[in-house]
Amino acid sequence: MIRGRKGYALACRLADGSIAVEKHPWEPLSTRNWFVGLPIIRGTPALIEALVIGYRSLMSSADHAAKSEGIKPPSTFQYVLSIAFALAVVIVGFVLAPSALVHRVHGGWFTNNLIEGGIRALFFVIFIRLAAMMPDMRRVFRYHGAEHKVINAYEATGEYRGEAVNSYGTLHQRCGTSFIFTVLVVGILVHFLVGWPSFWWRLGSRLVLLPLVAGLSYEVIRAAGKHKDSRVLGIMVAPGMWLQKITTQPPTPDMIEVAVAALEGALELDGVRGEEAKRREGEEADTV
């Protein structure tokens, strides 16, 4: 799945080897409302939109996979159950558990917040590591690498095929992995503001401050993407970039083909003529 300015495109490799492409127009909330588009404020809507688009893309890809293999697609109940389970893992594993583990530590507010944030980040890394051990997830991470290679090539040269793609890496500063890890790091700094209150007040403060944490993290990622030569911003997003070495893996040529199809779909939504469209147009002209 690759998102452009005016929508997102999803490309799926089917069982017969063909590629199905879906193009979905999408106008960000930040462009529809001036207040939502303000710095820091726009971070939370952007995060929510990313989650919604990601979830819809996962559902569509699962439906395509099931239909192309001649099996029944997952039901709405199964999708809802999977989301509920994912939310439970996030709340228990990344909110309740780290705070509970530090609850009996007799340190100062600074030390306790630092330890809690460190445990939360460690849990996230372990979670990603365990996911990478699953064959299906390793395949997902290779497709993730294909997306990044194609986007890196396009943003650098305007080309996204053949050697133009192979010479670029699988890491990208605006990746969702970097965003999530930046949220964890920024969260440590923001949580210093409330000290170390009682357990339930502490949990409530984590939820209340989440929009601020997401907003600040979004601005960091956005700035890092625009100012790639900045040493300070580079240091701030470095942990997330390191983590991408797990969540992005070297893709195969057929995976890059799928990423190219998704990019061309996103470019078409943006009104940009892709490389493939230009090539077909040239072949028709030669034929005439």
Notebook entry, point to check: Quick one: in region 250-284, which of the residues that are among the acidic types (Asp, Glu) and closer than 20 Å to Ser57 by Cα is modelled with the lowest pLDDT?
Noted result: Asp270
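Quick check on region 238-259: of everything there that is aliphatic (A, V, I, L, M) and farther than 23 Å from Ser18 by Cα, which residue is surrounded by the most Cβ atoms within 10 Å (Cβ to Cβ)?
By that ranking, first place goes to Leu243.
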Check: Here are some conditions: (1) farther than 22 Å from Trp200 by Cβ; (2) more than 21 Å from the chain's Cα centre (by Cα); (3) of a type in the set (A, V, I, L, M, F, W, C). Ala50 meets all but one. Which one does it not meet?
Finding: (2)
Note to self: So, His64, is that one free of Cβ contacts under 8 Å to residues at least 60 places away in the same chain, at negative phi and either acidic (Asp, Glu) or outside any helix (DSSP H, G or I) (or both) or not?
What the structure shows: no
Note to self: Give me the helices (runs of 4 or more DSSP H) completely within region 93-209, filtered to those with at least 3 residues that are touching a residue at least 24 places away in the same chain (Cβ under 8 Å) and closer than 25 Å to Leu233 by Cβ, ordered by residue number.
What the structure shows: 109-132, 135-157, 176-191
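Every residue, every condition in (1) among the acidic types (Asp, Glu); (2) surrounded by 14 or more Cβ atoms within 10 Å (Cβ to Cβ), yes or no:
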| site | (1), (2) |
| --- | --- |
| Ile126 | no, no |
| Asp136 | yes, no |
| Ala153 | no, yes |
| Glu159 | yes, no |
| Asn166 | no, no |
| Cys175 | no, yes |
Next item on the list: Among what's in region 29-67 and is in contact with a Lys or Arg (Cβ under 7 Å, 6 or more places away or on another chain) and not hydroxyl-bearing (Ser, Thr, Tyr), pick the residue that is modelled with the highest pLDDT.
Entry: Ile53
Check: Could you say whether any residue in region 194-211 is surrounded by fewer than 17 Cβ atoms within 10 Å (Cβ to Cβ), within 17 Å of Ala46 (Cβ to Cβ), out of contact with any Ser or Thr (no Cβ under 6 Å at 6 or more places or on another chain) and at pLDDT below 85?
Finding: no
Checklist line | From the options Leu47, Leu29, Leu51, residue that is under 22 Å from His144 (Cα atoms), touching a helix residue (DSSP H, G or I) at 6+ places or on another chain (Cβ under 9 Å) and either exposed (fewer than 13 other Cβ atoms within 10 Å of the Cβ) or of a type in the set (A, V, I, L, M, F, W, C) (or both) | finding: Leu47
Margin query: If the requirement is being of a type in the set (S, T, N, Q) and within 25 Å of Pro28 (Cβ to Cβ), which of these qualifies: Ser68, Ser99, Ser60?
Written below: Ser60
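The values are calculated or read from the model by the stated rules, or taken from the named source; none is laboratory data. Note that the coordinates shown come from a computational prediction; the quantities given were computed from them, not determined experimentally. Counting neighbours? That spans all protein chains shown, and the Cβs are built from the backbone with ideal geometry, glycine included.
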